[in-house]
Amino acid sequence: MKRVYNFSAGPSMLPLEVLERAAAEMCDANGSGQSVMEMSHRSKDYKPIIEKTEALLREVMSVPDNYKVLFLQGGALLQFAAIPINLAGVEFGTQRKKATYIDTGIWAKKAAGEAAKYVDVHVAASSKDKAYTYIPDAPAPAADDAFYHITMNNTIVGTRWPSIPETGNVPLVADISSCILSEKLDVSKFGLLYAGAQKNLGPAGVTLVIVRDDVIGNAPSWTPDVLKYDIQAKEGSMFNTPPCYAIYIVGLVLEWLKNMGGVSAIEARNIEKANLLYDYLDNSTMFRAPVEKNSRSLMNIPFVIGDEEKEKRFVAEAAAEGMVNLAGHRLVGGMRASVYNAMPIEGVKALIGFMEKFAKANA
Ligand SMILES: *Cc1c(COP(=O)(O)O)cnc(C)c1O
C-alpha cells in the first residue's frame, strides 16, 4: 500500500486508523450484516451511530447543554444563506434586519455576499488592503445587529483570529470549517458555529452546525423547511435522510481524536507542527511566509518563492516524492501546506527536508 502526505486544503487527509476501521466494518458493521451505507437512517442499527457521534462531539468540544448539534448537508456555502435567513430573515415586504461581517478573505467575502440577499450587511472591517495577510481589529457590533459574522480560520490566505471578538448581546457567528477541533474553543462565546466536515472532521457531505437555543426559531415563513434550524433540531437532524455514512466517519474521527488525548493534545501537536514549518520559513533565504506573525493559521500555511517557474517545479517535484497538493489556491498562487489534525508530524518534517533539498539545488 502506498500512502502520500496530502497537503490539500480540502477534502484532506483522514487518520489511517479511521480508514482501516471503516474498511474493516465496510461489509458488516457491528454484526448488522450490512454496511453503514446500506442502513436505514431510522433503523436500530444506525441510531446509535449518530447518537454516539453527537455525544463524542459534545464531549470533545465541551458543547454546553443549551446548544443544539446539527448534522446537515449543503456544505458551509449553504450555511452562508441559512444563517442570515434563520437569524435575521424577515417576512416579505417588511423592514430588513442588519448584520456585521468582517472581511478576512475569499470565504468571508462570499459569506457576506450571500447574506446580503437576506439582510443589510455592514462590512465593518477588512484586511483586503494587504492581500488579507492579517486579521483586522474587530469593531464593536451595532446595537441593532442581528448577528456578527467572522471566518475564524481563513483557509486560502492562511490567517486565523488570534482572539475571539467581544460582541456583547449580539450573537457571534463563526465559520470554523478549516479549524474545528484544531485547538481549544470556548463554544459559549458563540451564538452559532458551523463547519463543512471535509477539512478536519471527516469526508465531504456533512456540515456541522452548533447553535444556541435562543437564536433558533425565528426563521420567516418562506424559509425552506430543510434549512430551518428549529425543525432540524426537533427532528434530531433527521427531518430528511441525513448524510449517514459521512456522519459515521465523523464519529470514527472523533473517537480517534479522543484517544489521542482530545483537543488539548491535538492542539499541542498542531502548534508543534506549525512552529516547525514557520520557523523554517522565517529563516529560509528561498521561501517566505507572507502572513503577519500574530495572525498565522495553525492549519493552512502559505509560502512563496517569488519565482513562478521555481514554484511550479517545487510543487511538481514534491508530488513526485509523495507530498501532494502543495499548490496555493488558484486566486493567490504560490504554495500552501494544509496541515490539519490528521497530518502527522512526520509529514511536516518530510516537507521541510524536501524544502531544504530544493533550496540547495536551486540556490
Ligand atoms: C472550505 C471552506 C468553505 C467551503 O465549504 P463547502 O463545504 O465547500 O461549502 C467555506 N469556508 C471555509 C472557511 C472553508 O475553509
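Couple of notes before you dig in:
- For the options Ala24, Ala124, Ala82, a Gaussian network treatment of the chain with springs between C-alpha atoms closer than 10 Å singles out Ala24 as fluctuating the most.
- Under 20 Å from a label point set 7 Å out along the Cα-to-Cβ vector of Met238, the amide N atoms of the stretch 12-37 belong to 29-37.
- Anchor Lys312: aspartates and glutamates whose Cα lies under 17 Å away (excluding residues fewer than 8 positions away in-chain): Glu321, Glu356
- Computed from backbone phi with θ = phi - 60° and the Karplus coefficients 6.51, -1.76 and 1.60, the 3J(HN,Hα) list for the stretch 18-25 is 5, 5, 5, 5, 4, 5, 5, 9 Hz; x is used for glycine and proline.
- Under a 5 Å amide H cut-off, with hydrogens placed 1.01 Å from N, Gln73 pairs with Thr207 among residues at least 5 apart or on other chains.
- Spatially proximal aspartates and glutamates relative to Lys47 (Cα-Cα < 20 Å; intrachain offsets below 8 disregarded): Glu25, Asp28, Glu38, Glu59, Glu235, Glu255
- Among the listed pairs Lys109/Lys228; Lys128/Lys357; Lys184/Lys310; Lys199/Lys258; Lys98/Lys128; Lys110/Lys228, those beyond 27 Å (Cα-Cα): Lys128/Lys357; Lys184/Lys310
- Measure of compaction for the stretch 1-119 (Cα Rg per 2.2 N^0.38 Å): 1.47
- The stretch 35-104 and the stretch 114-165: distance between their alpha carbon centers, rounded to Å: 21 Å
- Cα point-scatterer Debye curve for the stretch 262-361, base-10 log of I(q)/I(0) at q = 0.15, 0.18, 0.25 Å⁻¹: -0.56, -0.82, -1.59
- Environment charge of Asp45, counting only residues whose C-beta is closer than 14 Å and scoring Lys/Arg +1, Asp/Glu -1: 0
- Computed P(r) (all Cα pairs; the chain; 20 Å bins; percent): 29, 55, 15, 0
The numbers here are math on the coordinates, done by the rules we state, and not lab data. All values reported here derive from a predicted model rather than from experimental measurement. Cβ: placed from backbone, ideal geometry, glycine included. Neighbour counts: every protein chain shown.
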